[in-house]
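Worksheet: the structure to be examined is printed underneath.
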Amino acid sequence: MVAEGKAAGTTPVGDPVQEALLRVQEHDTQLDQLRHRRAALPERSLLTGAQARVAAITGELDTVGSRKGDLDRSQRRLEDEVAGVEARAGEIDRKLYSGTVSAPRELQVMQDEIAALKRRQSALEDQMLEVMELSEPVAAEVDRLEGERGAAKEEAERLRRAIADAEAAIDAEVAQVSAGRSEAAGAVPADLLDSYEGLRSRLGGVAVARLEGNRCLGCHLTLPATEVDQIRRLAPDAVVRHEECGRILVR
């Protein structure tokens, strides 16, 4: 036992200053719990998961979207080629039947070119059909991924709102408890409050505990009867420290 203050020959009555310090401790413990609850809101980990899903789906969309873009460009290129072939064949066909060409050999060359263009058009259209068949599942995959990403974004936004609401509620509690803490601290001398703050930082947040019977409620150890008897003989304003855990004991 470590004691500061005057000895007394009678059983002491509780010291109002130390009772106020105990209330400061109770408020600080409550504030620590509120801050921990605020930092450990379950929605935070859920939000992290939702954001990770959005990022993962976006990565998939980038890959699939790039594939779809390649196929779309291929389809447009083939469409342009088909249009060019059709235009060239139409031009030759009109010339063929315009009457401006009469030489049989030249007419045959024009017919052969039209036939070649038709074969080229058919080959291009077959390629277009292949590209379109490849594009269908890719487009469906893009739609699926965009739907999943949209749902994940909505969930992330819902969680952000839930976190903001929970934080506001906890912050209101913190403000209320802080006001009570300030009121209690106003009754504690500055030097004792400084000692308390130093102990709190070293003892995991709990620097003051009630001595209930012969048990310290800070570390839950039982004090020897002789030590308890010595404590009872001290003046009410004597600051008693538990030798085992170092906390201030409030009788």
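The values are calculated or read from the model by the stated rules, or taken from the named source; none is laboratory data. The structure displayed is predicted, hence computed values, not measured ones. Cβ: placed from backbone, ideal geometry, glycine included. Neighbour counts: every protein chain shown.
For beta carbons closer than 7 Å, sequence separation of 6+ or different chains, a first residue in segment 95-108 that is among the aliphatic types (A, V, I, L, M) and a second that is surrounded by 11 or more Cβ atoms within 10 Å (Cβ to Cβ) and not in a helix (DSSP H, G or I), the qualifying pairs are 107/101.
Take residue 28 and tell me if it is in contact with a Gly (Cβ under 6 Å, 6 or more places away or on another chain) and surrounded by 12 or more Cβ atoms within 10 Å (Cβ to Cβ). When the stated conditions are applied, residue 28 does not pass them.
Against the definition (within 16 Å of residue 243 (Cα to Cα) and not hydrophobic (A, V, I, L, M, F, W, C)), how does residue 210 come out, yes or no? Break it down into steps so the answer makes sense when it comes.
Details: within 16 Å of residue 243 (Cα to Cα): yes; not hydrophobic (A, V, I, L, M, F, W, C): yes.
Yes, satisfied.
Residues in segment 75-119 that are surrounded by 15 or more Cβ atoms within 10 Å (Cβ to Cβ), modelled with pLDDT under 95 and polar (S, T, N, Q): there are none. Within segment 120-129, take every residue that is charged (D, E, K, R) and surrounded by 13 or more Cβ atoms within 10 Å (Cβ to Cβ) and give me the one that is farthest from residue 87 (Cα to Cα). Once the filter is applied, the top-ranked residue is 125. Only one entry in 25, 18 is in a helix (DSSP H, G or I) and modelled with pLDDT under 95, namely 18.
Considering only strands (runs of 3 or more DSSP E) fully contained in segment 173-251, which possess at least 2 residues that are touching a residue at least 24 places away in the same chain (Cβ under 8 Å), under 40 Å from the mean Cα position of the chain (by Cα) and assigned by TED's automatic domain parsing to the domain that holds residue 30? Reasoning before the result, please.
Details: elements: 208-212, 239-241, 248-250.
Qualifying strands (runs of 3 or more DSSP E): 208-212.
Residue 67 versus (1) more than 30 Å from residue 180 (Cβ to Cβ); (2) touching a residue at least 60 places away in the same chain (Cβ under 8 Å); (3) exposed (fewer than 14 other Cβ atoms within 10 Å of the Cβ); (4) basic (Lys, Arg): which is the lone unmet condition? The single condition residue 67 does not satisfy is (3). With respect to the conditions (1) farther than 30 Å from residue 67 by Cα; (2) part of a helix (DSSP H, G or I); (3) small (Gly, Ala, Ser); (4) out of contact with any Lys or Arg (no Cβ under 7 Å at 6 or more places or on another chain), residue 89 falls short on a single one, namely (4).
Of the residues screened, residue 98 is one that is outside any helix (DSSP H, G or I), in the same structural domain as residue 149 (by TED's automatic domain parsing) and either more than 21 Å from residue 139 (Cα to Cα) or acidic (Asp, Glu) (or both). With respect to the conditions (1) under 12 Å from residue 22 (Cα atoms); (2) in contact with a strand residue (DSSP E or B) (Cβ under 6 Å, 6 or more places away or on another chain), residue 234 falls short on a single one, namely (1).
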